[in-house]
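Enquirer: Got a structure for you, written out below as structure tokens; questions coming shortly.
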Protein chains: 2
Amino acid sequence: MPIQERDASPATIKVLRPKLPTSAELLPYLERIDSARTYSNYGPLNGEFARRLGDLVGGSHTTLTSNGTTAIELALRLRCEQGGHCLMPAFTFIASAHAVCNAGLTPYLLEANPDTLALTPEIATAALKSVPGPVAAVLVVSAFGAPPDFVAWADFEARHGIPVVFDAAAALTSLSGIGQQPVCVSLHATKTLGIGEGGAIFCADQALMERATAMTGFGFAGQERLSSLRAGNYRISEYAAAVGLAALDGLPARLQEMRDLTAAYASRLEGKAVQLQRGVGTDWVTMTLNVMVPAADLAATLARLDDAKVEWRRWWGLGCHRHPAFKDVPRSDLSATDALAPRVIGLPFHADLSAGDLDRVTGCLQ
Amino acid sequence: MPIQERDASPATIKVLRPKLPTSAELLPYLERIDSARTYSNYGPLNGEFARRLGDLVGGSHTTLTSNGTTAIELALRLRCEQGGHCLMPAFTFIASAHAVCNAGLTPYLLEANPDTLALTPEIATAALKSVPGPVAAVLVVSAFGAPPDFVAWADFEARHGIPVVFDAAAALTSLSGIGQQPVCVSLHATKTLGIGEGGAIFCADQALMERATAMTGFGFAGQERLSSLRAGNYRISEYAAAVGLAALDGLPARLQEMRDLTAAYASRLEGKAVQLQRGVGTDWVTMTLNVMVPAADLAATLARLDDAKVEWRRWWGLGCHRHPAFKDVPRSDLSATDALAPRVIGLPFHADLSAGDLDRVTGCLQ
């Protein structure tokens with residue numbers, strides 16, 4: 001190999017650097033597993049983790065799932081029959097569309113409100129006339145961790161009789177006031193509370209949630225080993241619950257870290273044309289930071305970030321309809337999404353960023 | 001509370017006591033996760049675990065999955081279109097039937113050979129005439145860890161053009177000669193190589209397995225974040241892979257333990273009317289021990305086990321058609337399964353059993 005010249009330019013600033021509990025933080029929980037010798041199937045750590053998660057979101061019933069995608073699949077399967085259309089925003093992480101299909105529904109892709117980046121009851125109501133077949137459900141997506149409007153969507157369901165499920169993948173720490181409509185979160189490694197792979201469903205409807213939990217384990221009801229529901233295996237192991245419990249221990253500090261970092265960004269972006277998401281940092285925080293870049297400056301902004309070796313990412317890409325696997329699913333006009341999605345840019349956001357790093361990132365933004 | 005009299009009778013002998021790697025055995029792998037700060041998404045421990053698993057079964061391509069059920073779902077989705085029937089034995093763990101339905105297929109339940117407890121190509125061929133619609137696939141189930149007959153089923157597929165997938169949930173350490181037909185295993189806590197929750201698909205078809213791996217992560221091909229396949233999230237975390245690597249380290253000792261225990265049972269059962277499964281202990285071992293009890297002595301045998309405080313379990317229950325969630329799925333005549341299934345009894349099988357325990361268990365069998 002030829003000798004490489006030393007590169008004096010600054011190191012790349014990574015867009016994300018997940019940090020989950022360390023071995024030392026896990027150890028007390030792992031030792032409980034060693035003693036109990038229960039490794040899955042709703043063991044004691046699963047129970048404790050579910051209770052603590054439910055408390056975190058205001059006392060909800062909780063079902064743990066193998067990941068956020070399967071949480072959505074189960075919630076949709078619980079709330080509607082297979083075969084109809086599911087209204088959903090085109091602007092979301094592609095997992096939402098996979099989940100809808102895996103629940104036996106056909107996605108019908110809609111626009112998002114360009115201010116909140118979210119589907120609204122108004123957009124969904126207007127679309128009801130144009131869907132070519134029965135509408136079985138609506139999947140409402142939280143925009144990058146923003147709290148969904150539970151009140152407005154409960155009203156939508158009451159008006160139209162169409163069940164609503166929330167994909168609140170990144171919103172675990174933004175949730176309160178959860179009602180009868182299931183709310184699905186992700187506990188993926190990259191989330192505010194990451195456990196590697198995992199998810200959860202929250203809902204005030206206890207009977208529905210008991211069925212949800214049964215569906216994570218072959219539809220076995222209670223202690224019986226008889227399937228009473230069409231289901232599958234969507235459980236998490238006791239090891240995954242151990243990571244979750246250790247992560248919950250560290251959550252207050254992590255949230256403070258994210259609030260501080262969001263504030264540090266907000267102060268540097270004051271007076272600039274790029275916009276933070278509404279409410280971020282003041283009402284809620286999450287583990288990514290997304291800005292809306294003015295269309296006229298987009299190409300130049302991305303070039304400046306690249307030149308400064310600042311990683312950026314379109315966390316949700318350009319919309320579900322731009323993925324080859326979903327290019328043929330039915331949809332409304334998506335011209336607003338096509339204008340919006342390219343401009344939503346995820347910036348570096350993790351605890352390893354120095355003040356100098358933040359200056360370098362925000363120096364690229366106008 | 002009244003004071004309880006001391007119970008002098010012996011303690012219950014448990015049917016299963018899983019033992020996965022201890023915290024101390026996990027620690028070196030967890031420290032690698034601490035350093036790498038990759039927690040899922042095909043990280044380094046996932047890669048190493050997949051390679052070592054593939055080596056274990058003779059050098060197969062390997063896709064890790066969230067559990068054994070989703071392994072079957074993905075393998076079926078890869079091999080056939082949704083909507084047809086899937087031939088499968090009624091006598092299997094109910095996960096098999098859930099997986100078939102989750103793959104968009106209708107189970108068509110068949111008898112198993114009463115000697116091998118497995119579906120045979122002859123039974124499947126004979127059934128082709130009576131299935132009320134197109135047959136999309138066959139799900140062949142390994143009976144409690146027995147090696148499937150890969151040669152006979154490759155021949156079936158060549159003759160009939162119907163894709164075959166193997167549910168070899170408990171057979172990880174019995175597999176060799178894996179061909180073009182995907183073989184699905186479970187790595188559940190109760191399996192020979194348990195990691196809590198996990199599974200794997202093995203297959204000699206590299207292109208198929210690359211698609212399988214892409215399907216575990218939203219159908220993203222390579223480094224692109226664009227879905228090219230209808231898929232979902234079926235990944236395992238790096239923590240799960242850590243448990244797997246530690247479990248692989250301990251596997252030779254565990255296999256020897258299971259061989260010794262199977263031999264200890266076999267010697268005690270010599271001359272008795274109850275039968276061990278063909279080949280168990282000589283050709284293969286697994287983490288359960290099942291005996292076939294003569295019908296005439298079944299009720300009395302179970303009563304003796306209960307009286308002696310010996311736990312027993314019908315690991316597969318009485319057949320898929322006896323579960324409320326599957327009572328209406330189409331099927332052939334299942335009278336042989338109805339006669340067989342009640343007689344297949346799982347006996348205590350774990351490393352905590354003493355010679356005295358084994359005497360007590362086998363003393364109940366005639």
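Enquirer: Where the label is 7 Å out from Cα toward Cβ, how close does residue B:308 come to the same position in every other copy, in nm, shortest first?
Expert: Spelled out, the distances from residue B:308's label point are 7.6 nm.
Enquirer: Would you mind telling me which residue in B:191, B:309, B:272 has the biggest mean-square fluctuation in a Gaussian network model of chain B, where springs connect alpha carbons within a distance under 10 angstrom?
Expert: With Cα springs under 10 Å in chain B, the top fluctuation among B:191, B:309, B:272 is at B:272.
Enquirer: Can I ask one more? Let me spell out the model: positive unit charges on the Cβ of Lys and Arg, negative unit charges on the Cβ of Asp and Glu, origin at the Cα centre of the range B:37-102. What dipole size does that give, in debye rounded to 20?
Expert: Rounded to the nearest 20 debye, it is 140 debye.
Enquirer: Still on this structure, please answer the following. What residue among A:293, A:85, A:337 has its Cα farthest toward the positive end of the dipole of the protein assembly as shown, where the charges are +1 on Lys, Arg and -1 on Asp, Glu, each on the Cβ?
Expert: Comparing the listed Cα positions along the dipole, A:85 ranks first.
Enquirer: Out of residues 5 or more away from residue A:15 or on other chains, whose amide H comes under 5 Å of its own, with H placed 1.01 Å from N in the peptide plane?
Expert: A:311
Enquirer: Given a cut-off of 23 Å, name the pairs among B:272/B:309; A:19/B:19; B:191/B:272; B:14/B:191 whose C-alpha atoms lie farther apart than that in the structure shown.
Expert: A:19/B:19; B:191/B:272
Enquirer: Need one number: % antiparallel among DSSP beta bridges in the range A:23-249, to the nearest 5.
Expert: For the range A:23-249, the DSSP antiparallel bridge percentage is about 40.
Enquirer: How far is residue A:250 from itself in the other copies, in nm, if each label sits 7 Å out from Cα along the Cα-Cβ line, shortest first?
Expert: 2.5
Enquirer: Within a 10 angstrom radius of each residue's Cβ in B:181-194, how many Cβ atoms of other chains show up on average? Whole number is fine.
Expert: 2
Enquirer: On to the next question. Where both partners of a DSSP beta bridge lie in the protein assembly as shown, what percent of those bridges are antiparallel, to the nearest 5?
Expert: Taking every DSSP beta bridge within the protein assembly as shown, about 50 percent pair in antiparallel fashion.
Enquirer: Would you calculate a helix-derived [θ] at 222 nm for chain A, using -39,500 (n - 2.57) for each DSSP H run of n ≥ 4 and dividing by the full residue count, to the nearest 500?
Expert: Calculated at 222 nm, the ellipticity per residue is -11000 deg cm²/dmol.
Enquirer: Which value, in debye to the nearest 20, describes the size of the charge dipole of the range A:144-231 about its Cα centre when Lys and Arg Cβ atoms bear +1, Asp and Glu Cβ atoms bear -1, and nothing else is charged?
Expert: In debye, rounded to 20, the range A:144-231 gives about 200.
Enquirer: Still on this structure: Report the GluC sites (Glu not before Pro) located in the range A:1-86 that are in a DSSP loop and have at most 16 other Cβ atoms inside 10 Å of their Cβ, or state none.
Expert: Sites meeting the loop and neighbour criteria: A:5, A:81.
Enquirer: Same structure again: Can you compute the charge dipole magnitude of the range B:23-249 about its Cα centre, using +1 on each Lys and Arg Cβ and -1 on each Asp and Glu Cβ, nothing else charged? Give it in debye, rounded to the nearest 20.
Expert: Value, rounded to 20: 480 debye.
Enquirer: Still on this structure, I have one more. Of A:64, A:76, A:56, which is the most mobile in a GNM of chain A whose springs link Cα atoms less than 10 angstrom apart?
Expert: Comparing A:64, A:76, A:56 in the GNM, the peak value goes to A:56.
Enquirer: Sticking with this structure for a sec: Under the definition of partner shielding as Cβ atoms of other protein chains within 10 Å of a residue Cβ, what is the mean value for peptide A:234-246?
Expert: Across the residues of A:234-246, the mean count of other-chain Cβ atoms within 10 Å is 5.
Enquirer: How many angstrom lie between the C-alpha centres of the range B:53-68 and the range A:300-319?
Expert: The two parts, judged by their Cα centres, are 37 Å apart.
Enquirer: How much length, in nm to one decimal, is gained on full extension between residue B:17 and residue B:249, taken as 0.36 nm per residue of separation minus their Cα-Cα distance?
Expert: Fully extending the segment from residue B:17 to residue B:249 adds 81.6 nm.
Enquirer: I want to make sure I understand the PRE zone here: with the label point 7 angstrom from the Cα of residue A:81 toward its beta carbon, which residues in the range A:154-181 have backbone N atoms less than 18 Å away?
Expert: Counting only backbone N, you get A:161-164.
Enquirer: Can you grab the distance from the C-alpha centre of the range B:187-245 to the C-alpha centre of the range B:130-181, Å, no decimals?
Expert: Computed from Cα coordinates, the inter-centre distance equals 20 Å.
Enquirer: Hey, another quick one. Just B:53, B:353, B:172 to compare: in a GNM of chain B, with alpha carbon springs under 10 Å, which one fluctuates most?
Expert: In this elastic network of chain B, the residue with the biggest mean-square fluctuation among B:53, B:353, B:172 is B:353.
Enquirer: Roughly speaking, what is the stretch gain from residue A:176 to residue A:152, that is 0.36 nm per residue apart minus the C-alpha to C-alpha distance, in nm to one decimal?
Expert: Once the chain is fully extended between residue A:176 and residue A:152, it gains 7.2 nm.
Enquirer: Within 10 Å of each Cβ in peptide A:90-99, how many partner chain Cβ atoms are there on average? Round it to a whole number, please.
Expert: 3
Enquirer: Which whole number in µm²/s is D for the protein assembly as shown by Stokes-Einstein, with the Kirkwood Rh taken over Cα pairs at 25 °C and 0.890 mPa s?
Expert: For the chosen part, D equals 91 µm²/s.
Enquirer: Then there is this: I need the calculated FRET efficiency for the pair residue B:160 and residue A:37, taking r as the beta carbon distance and R₀ as 60 Å, to the nearest 0.05.
Expert: Here the calculated transfer efficiency is 0.85.
Enquirer: Moving to a separate point now. What are the nm distances, shortest first, from residue A:83 to its equivalents in the other copies, labels at 7 Å along Cα→Cβ?
Expert: Going from nearest to farthest copy, the values are 1.5 nm.
Enquirer: Can you give the FRET efficiency for residue B:327 and residue B:304, using 1/(1 + (r/R0)^6), R0 = 22 Å, r = Cβ-Cβ distance, to the nearest 0.05?
Expert: The formula returns an efficiency of 0.10 here.
Only the coordinates and a few stated rules stand behind these numbers; no lab work does. Predicted model only: the values in this text are computed from it and were never measured. Quick reminder, even Gly has a Cβ in these numbers, built from the backbone with ideal geometry, and neighbours come from all protein chains shown.
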